[in-house]
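Below is one structure; the comments refer to it alone.
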Amino acid sequence: MNAVEATRTCLRKYAVFPGRAGRGEYCWFLVVAIAASLLLAGVDRLFWTPQTSALFEAIFALAIFLPLIAAGFRRLHDTGRPGWLMMIAVAASATGKLLLEGGLLNFHFFAPPVRSPAGAATVALAAAVPIFGVAALLALPSQPDPNRYGPNPHEVTP
């Protein structure tokens, strides 16, 4: 499967969580999504300053979020694991982003806010561990035979 076929398949299955997706389908779709996001980030920098909104990148992120999660669910199903494990990476990423960029590390009651580099490193590491763990599961090979999530995608013709 090439990048175009993978992207078409994943966008066609926009919010389809059951079933299986091979490594090629998921990886190519992820590469295309990252490349498009970087391209749109560049376009945003042409139109807005870093202190203002990144409109194109934000719209793309909202549009591609659900297909990426659905493809991740199907990819985990292909390895014989439950798709909800994908939500561990989503939760870790969202929590890390809120803590690091949302200013929640600056939360204080009686003292002025102080951003601790050690605290930021701890939050980043705590968020990275589950994300890399799920990424390792996504990289595992397909189960060769049909499993409880469906037939092997390499043996099925669309």
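Using only Cα atoms, locate the centre of the range 1-38 and the centre of the range 57-84, then give the distance between them in Å, rounded to an integer.
The range 1-38 and the range 57-84 have Cα centres spaced 9 Å from each other.
Once Rh is set to the Kirkwood radius over Cα pairs, what Stokes-Einstein translational diffusion coefficient, in µm²/s, holds for the range 1-104 at a temperature of 20 °C and a viscosity of 1.002 mPa s?
Roughly 144 µm²/s, to the nearest whole number.
By average Cβ neighbour count within 10 Å, what is the ranking of 130-143, 15-28, 63-76 from highest down?
Ranking, from highest mean packing down: 63-76, 15-28, 130-143.
Can you sort 145, 78, 44 by how many other beta carbons sit within 10 Å, fewest first?
So the residues, fewest neighbours to most, are 145, 44, 78.
FYI, it's all coordinate maths here, none of it is from the lab. Quick caveat, the model's predicted, so the values are computed rather than measured. Note that each Cβ is placed from the backbone with ideal geometry, even for glycine, and that neighbours are counted across all protein chains shown.
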